[in-house]
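Mind looking over this structure? Questions follow.
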Amino acid sequence: MNAAPALVGYTAAVGFAAPRLLLRSGWPHRAPALAAAVWHALALSFSIGAALSAYSLAMPAEHLHAGLMGLLHTCGLNVGTGQPDPDTADRLAVGVPAAVGIALVASLTFHVVRARRARTQHREAVDLVGRHSSRMCATVLPYDVPAAYCLPGRHPRVVISDAAVRKLTPEQLGAVLEHEQAHIAGRHHLVLAAMEAFHSVFRWVPLARHAREQTALLLEMIADDRALRRHSDDVLATAMYEMAAARTPKGALAASGHTVLIRLKRVLGPRTAPHPALWGSVAAMAAMVPLLPLLVACPPGLG
């Protein structure tokens, strides 16, 4: 039996229907780390499903001639009476899924290298213009707008403007620095690079667009939660408000940005963790979702 129809249907559901369900859910902002894992699991599942769908459509199957031709015949479309070339089908069955994998790896490499190059250039400029503060473990730049961001990587930097040092209280400054350190410790730049790579290859799929946008927001929330471990809600919210207008260099991660309003409402509003049963079931689903295309392609008990 050819699994192409089931695989295509599953992949379409993950790429088009799953993002809508996740966006309508209320729990992701209460558990941003788990939500980010779910978005990545969906992206991985879609990629595997797309590759297996291409393989099944190209691979000859008994009673269905060849995957794609057989699928069309099954749907009642007569596309020719000749037998498909097995060699051509074999080449397509291997080549198309390989092309999907190569495209994803190449895109990830491109985004990682490009972001690293931009951070390296900016880091060199920051080291020339700014002054290092051992007390804050950050580089202070002469800039008249309150701003703070980090340059992750092998030689990370937390950069803060002297306007922020002057305007923010010590508690607010500590919350901002804690936020930036969370980005560095969590290697959030690699998480974003993976989503950028997925979006570059499947930019026409709603999942790719929403996964990239939501992952960036969720990573900021994760960093906010780390800052809130040592600082109060009001302290972090005030610091975010003061730096809301700051711009972030390419390749950097910052406490400010266009998501500040959403994060401010979250920080100042009631925050309750998801019920352990919900947390456990969602975590189990995130672990299982990447394996589902394999189960669809090779259901247990079928020879």
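The values are calculated or read from the model by the stated rules, or taken from the named source; none is laboratory data. Values in this document were obtained by computation on a predicted structure and should not be read as measured data. Neighbour counts are summed over all protein chains in view; Cβ atoms, including those assigned to glycine, are modelled from backbone coordinates with ideal geometry.
Of L268, L253, which residue is among the aliphatic types (A, V, I, L, M) and over 28 Å from E196 (Cβ atoms)?
Residue meeting the stated conditions: L268.
Select from the range 163-183 the residues that are aliphatic (A, V, I, L, M) and touching a residue at least 40 places away in the same chain (Cβ under 8 Å) and write down the one among them that is farthest from R114 (Cα to Cα).
Filtering first and then ranking leaves L168.
Could you pull out the residue among R166, R91, R117 that is in a helix (DSSP H, G or I), among the charged types (D, E, K, R), within 30 Å of A43 (Cα to Cα) and modelled with pLDDT of 90 or more?
Residue meeting the stated conditions: R117.
Looking only at the range 247-276, which residues are in a loop (DSSP other than H, G, I, E, B) and free of Cβ contacts under 8 Å to residues at least 40 places away in the same chain?
G257, H258, G269, P270, H275
A follow-up question, please. If you check every pair at least six apart or on different chains, which have Cβ atoms under 8 Å apart with a residue in the range 8-32 that is of a type in the set (K, R) first and a residue that is modelled with pLDDT of 95 or more and surrounded by fewer than 19 Cβ atoms within 10 Å (Cβ to Cβ) second?
R20/P206
Out of (1) modelled with pLDDT of 95 or more; (2) surrounded by 19 or more Cβ atoms within 10 Å (Cβ to Cβ), what's the single condition that is false for A13?
Here A13 meets the rest and fails (2).
In the set V205, V235, V201, which member is out of contact with any strand residue (DSSP E or B) (no Cβ under 8 Å at 6 or more places or on another chain) and either over 30 Å from Y10 (Cα atoms) or not β-branched (V, I, T) (or both)?
V235
Working only within the range 120-162, note down all residues that are of a type outside the set (A, V, I, L, M, F, W, C), touching a residue at least 40 places away in the same chain (Cβ under 8 Å) and in a strand (DSSP E or B).
Y149, S161, listed by residue number.
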